[in-house]
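All of the numbers you see were taken from the coordinates with simple rules; none came from a lab. Quick caveat, the model's predicted, so the values are computed rather than measured. Backbone-built Cβ (ideal geometry, glycine too); neighbour counts: all protein chains shown.
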Amino acid sequence: MNESKQSHVMTTYNRAALRFERGEGAWLITDDGDRYLDFGSGVAVNVLGHAHPKLVATLQAQAEKLWHVSNLYTIPEQEALADALCAHSFAERVFFCNSGAEAAEGMIKVMRKYHAVNGHPEKVTLISFAGAFHGRTLAALAAAGNQAYLEGFGPAPAGFVQCSAFDIGKLEALIDDTTAGVLIEPVQGEGGVRDTGTAFLRDLRKLCDKHDILLGFDEVQCGIGRTGKLFAHEWAEVTPDVMAIAKGIGGGFPLGAFLTSEKLGAAMQPGTHGSTYGGNPLATAVGAAVLETVSQPAFLEHVQDVSGFFRQQLAQVIDENSDIFTELRGLGLLIGLKCTPLNSDVVAALRHHHVLSVGAGENTLRLLPPLNVTREEIAVAIAALQAACVDLRAAKKEA
Ligand SMILES: *Cc1c(COP(=O)(O)O)cnc(C)c1O
């Protein structure tokens, strides 16, 4: 499994030596034939698992017709996905791109542009929150304000401030004449699976309206059914002015978008923004098939049902292993377990038992199963978690 040859891939990731060849639903199979239960889902991407028949058929059918034409032409698949996204959300306009960072960047641009075309070019500042993650472009990094990720990359774009807590008083104190709006993940993913909470999101909406500033939700990770609603903000029954999505919407095909109300969308006229690949026929055909499946009420009910079951089981794991896990976090199938050992050691221990997971901030373990996961597969993961706890305890005694 381990290759000793020098890799030419840039060393921006600490990679496990696993080499997967195939996927089947929630399972990944290595080139040696070993099976792993994929509870990382390529970081919240494979919402329908691997090689889902409907997505495979959609991709194959589109591949035989047309891959790419550019946005110089009308793309029927793109129109259809935009229609479906708007039918299922607050939105009236959609811009397609290829990743979460681009979606977040577009969200920032449209929030500023709206004020500029409405006579307030001075309103440029975006307020975000400690622990946020919006992607790896310079503006997205500046928005998140994580100094470690900005280090060595020169001056960060200006016009971003961070609020230290999900606290309306602290947030209001940061608002001034230059404020364009607020950026927030309704449930923070990378930052440690932190749910901002219904009450806070409602207060946030009211505060933005009071100050006539815009509210942008980054649902790149928590959207597309992950929390048991199509979009996480639906739990709070509030709507944003703009929302970024990516990850789950492509089900594994690179696809992102930012969605706006009509008043924001109208600020973006021909020439103001663009993307060569964004929303191409292949990506949007797959995206429409994902959305059609995930938006079914019965599908979202399944997510709520299995996430309730999983969380109940996880609470028991924490009870029995309080030396390893201290807290259950998140919403739906966006699950965090706060760890006492290093979270990377917990990820490795779970991997040893053939279950894949992902680390997150605040020393948290992230469990992100495909949304069509079964109770039986969840039971496999629970058994692996129990076994990993035994191993971690034994390793600690030895140390
Ligand atoms: C992953 C993520 C991004 C960045 O997405 P990329 O596709 O990696 O650019 C942005 N925002 C949130 C909330 C994310 O989880």
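Points worth noting:
- Percent antiparallel among DSSP beta bridges (both partners in the stretch 66-294, rounded to 5): 40 percent
- Using 0.36 nm per residue and subtracting the Cα-Cα separation, the extra length available between THR326 and ASP32 on full extension is 102.3 nm.
- A simple rule links phi to the HN-Hα coupling: the Karplus curve 6.51 cos²θ - 1.76 cosθ + 1.60 with θ = phi - 60°, which for the stretch 202-218 gives 5, 5, 5, 4, 5, 5, 5, 5, 4, 9, 6, 10, 9, 10, x, 9, 9 Hz, with x for Gly and Pro.
- Estimated from the Cβ-Cβ distance and a Förster radius of 41 angstrom, the FRET efficiency linking ASP83 and ARG375 is about 0.75.
- Simple spin-label estimate for ASP305 and ALA63 in nanometres, 7 Å along Cα-Cβ: 3.3 nm
- In the chain, the calculated helix contribution to ellipticity at 222 nm averages -12000 deg cm²/dmol per residue, counting -39,500 (n - 2.57) for every DSSP H run with n ≥ 4.
- Listed residue pairs exceeding 19 Å between alpha carbons, taken from LYS206/LYS247; LYS113/LYS247; LYS113/LYS263: LYS206/LYS247; LYS113/LYS247
- Cβ-derived FRET efficiency at R0 56 Å, ALA399 paired with TYR73, nearest 0.05: 0.35
- Here the extension length gained between LYS263 and ASP212 equals 17.0 nm, from 0.36 nm per residue of separation less the Cα-Cα distance.
- Centre-to-centre separation between the Cα atoms of the stretch 306-366 and those of the stretch 172-205: 25 Å.
- Length gained when the stretch ALA298-TYR277 is fully extended (0.36 nm per residue, less Cα-Cα span): 4.3 nm
- Exposure proxy shown here: for SER344, SER322, the number of other Cβ atoms within 10 Å sets the order, fewest to most, as SER322, SER344.
- Taking every DSSP bridge with both residues inside the chain, close to 65 percent are antiparallel.
- Shown for TYR13, TYR114, TYR277: other C-beta atoms within 10 Å of each C-beta, ranked fewest to most, produce the order TYR13, TYR277, TYR114.
- P(r) of the stretch 1-147 over all Cα-Cα pairs, binned every 10 Å from zero, in whole percent: 8, 21, 32, 27, 10, 2, 0
- Sparse-neighbourhood loop sites, GluC sites (Glu not before Pro) in the stretch 129-193 - DSSP loop, at most 14 other Cβ within 10 angstrom: GLU151
- Computed E for HIS120/ALA315 - FRET, C-beta separation, R0 56 angstrom, nearest 0.05: 0.70
- One quarter of the convex hull surface built on the alpha carbon atoms of the chain amounts to 20.9 nm², the projected area averaged over directions.
- Sorted ascending by nearby beta carbons within 10 Å, beginning with the fewest, CYS86, CYS389 become CYS86, CYS389.
- Estimated inter-spin distance, VAL390 and ALA173, nm [label 7 Å along Cα→Cβ]: 5.1 nm
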